[in-house]
Structure formats: structure tokens, C-alpha cells
Amino acid sequence: MIGPLAEPLSPRRSLSLLVVFLLSVSSPSFPSDIPNAVIVLETPPGTPGSDPAAALPRFVLLKDGQVFVGGTSHFQAARLEKGDVQALRRRADAARKAAGRNRMITFAGEDQPPIRLRLPEDGPTEIAITGDPALAPANLQPLAGFVRDLLAYDNPGLAPYHPASYAVRARAGAARPGGCRRWDFPWPIEQAVDSPRILSASEGASWPTGALPASVCAGQKRYLVTLQPLLPGEQP
């Protein structure tokens, strides 16, 4: 639902709208960390204990037709036929037109963490969506239906994606169940706290990946460390 509400906002709904607003104004117009992206759909991680900072995009389409579908820990990838790419581009354009100038859209239904649809071509567009897309009004069905289909996207060509490298992030945190790993990389873990570090796929082969963190013991300190798979050309 967009525009004036017929009923006063509940504290919960007001907080939801405030979160969407803050997310919108605190982000750049469009990030350049996934080169050649045409469509990017981001959702908060749903697995308990996940780290939102390392969450994988739910869906990414690149200009060359490569498509990536993200889960909690890994990507599936495929290369689409030209007709399939064009169909997705047309639906992205229709979604952009349906949203108009609105960059914060709330549908009816239960409040949920925002979904973010990014369309970097033809004037970068980023739309934050809360509520249930299934309850979208008719004028927003091109947007809501597109988001629903991206959330459930499947393709017979999808296969596990094997990244060339990972973005390593660390933050202070208590050890998780399952034990504590030693930090045996050739650079101090504090460097990954200050900013992400790049790790080759071979170096990170035995580590959990994606939004699920590993517990690391470094001296008397405890950290939670994530290894985010990077897409082609992506920089953390």
C-alpha cells in the first residue's frame, strides 16, 4: 500500500517504515560491487545465526546472461539464452515503471524485513519493499509479481557456482556451538575486522561460507568470521 493510510500507523508499522527510510537514505544510489549487473534482488538472511553483512544476493543477472541464485551459503549459476535475458529485462522495466518515483513501498500483510530490488541500468533504481507482495494492488502487480518470481526463480541449467575468491569479514563475538577454529592465515584477523579481506577459493576450502559464521580463537579473543563467495569481478 502506498500513500496516506486510512488508519493510524501502529508502533510496529511505524518502526518498519522508519527502517526502510533509513536503509534508503543511508545507501549510495547504487553500489558498484557487482560489475555488469542488470538485476539484483537482496533479501535478509532467514537462517538463524546468519550474519546480514555476508548475506548473498537472492538473484543476480549480469549483462552477459549469467544468472546467480543465492542461498544461505552458496550460489547456483547458469547462463541464459538471449530470449530469456530479454524477457527478464522487459519485466524489470515494467517493475520500474510500476514503482514510478516511489523508492519505499509497503504492501499490506505482515511486516517483514525489507527486500531490495536494484536495477542499475537506465538510471540506477533501488526499491525497498516491505509487506507481502502477494497483497499488492493491481497497479503494482508488475513489480510485486516480478519480485515473487525472482524469489522463486529456477532454471534447469542451474548448477553449483565455484567462486574464485571470498570476502572475509570478522567481528568480535562469543564462540558458537561446534568449537573454535584457529586463525592460521598469514595476516592478523584484526585486518578483517577493519575491512573485508580477499581470500582465494583454495585457502577457504575448509571453511563455512556465506552468511553462516565460523567461531575463531585468536589468543584470548573470540571472533565470528564469514567467507562471502564473490561473483565475477565483484569487490567487497
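Readers should treat all values here as calculations from the given coordinates under stated rules, not as data from a laboratory. Nothing here was measured: the structure is a model prediction, and the numbers come from that model. Positions of Cβ are backbone-derived with ideal geometry, glycine not excepted, and every protein chain shown enters the neighbour counts.
Calculate the length of the line joining the C-alpha centroid of segment 82-124 to that of segment 32-54, in whole Å. When both Cα centres are located, 15 Å separates them. With a 10 Å cut-off between alpha carbons and a GNM built on the chain, which of Pro133, Pro124, Pro48 moves the most? Ranking Pro133, Pro124, Pro48 by mean-square fluctuation puts Pro48 first. Would segment 162-229 count as rounded, prolate or oblate if I go by the C-alpha gyration tensor, calling it rounded below 1.5 in a/c and otherwise prolate when a/b exceeds b/c, oblate otherwise? Cα axes put segment 162-229 in the prolate bin. In sequence order, segment 111-123 has phi-based couplings of 4, 9, x, x, 9, 10, 9, 10, 10, x, 8, 6, x Hz under the Karplus curve 6.51 cos²θ - 1.76 cosθ + 1.60, θ = phi - 60°, and Gly or Pro positions carry x. Based on DSSP H segments of at least four residues, each scored -39500 (n - 2.57), the chain has a per-residue ellipticity at 222 nm of -6500 deg cm²/dmol.
Based on the Cβ-Cβ distance of Asp122 and Glu190, what FRET efficiency does E = 1/(1 + (r/R0)^6) give at R0 = 45 Å, to the nearest 0.05? Before the final figure, lay out each step's value.
Values: r = 42 Å, r/R0 = 0.93.
Calculated value: 0.60.
Under 26 Å of direct C-alpha separation, and excluding same-chain neighbours fewer than eight residues apart, Lys82 reaches these lysines: Lys63, Lys97.
Across segment 55-65, computed HN-Hα scalar couplings (Karplus, 6.51 cos²θ - 1.76 cosθ + 1.60, θ = phi - 60°) run 5, 7, x, 6, 8, 9, 10, 9, 4, 7, x Hz from first to last residue, x flagging Gly and Pro. Relative contact order for the chain: 23 percent, from Cα pairs under 8 Å spaced at least 6 residues apart, divided by residue count.
Taking a ≥ b ≥ c as the square roots of the eigenvalues of the alpha-carbon gyration tensor, the chain is classed oblate because a/c is 1.5 or more while a/b is no larger than b/c. Relative to the longest principal axis of the Cα atoms of the chain, helix 82-99 runs at roughly 70 degrees.
Length available on full extension from Asn102 to Asp154: 0.36 nm per residue minus the Cα-Cα distance, which gives 15.9 nm.
Name all residues of segment 101-117 having a backbone nitrogen under 11 Å from the label point set 7 Å from the Cα of Arg90 along its Cα→Cβ direction, giving them as ranges. So the set is empty, nothing qualifies.
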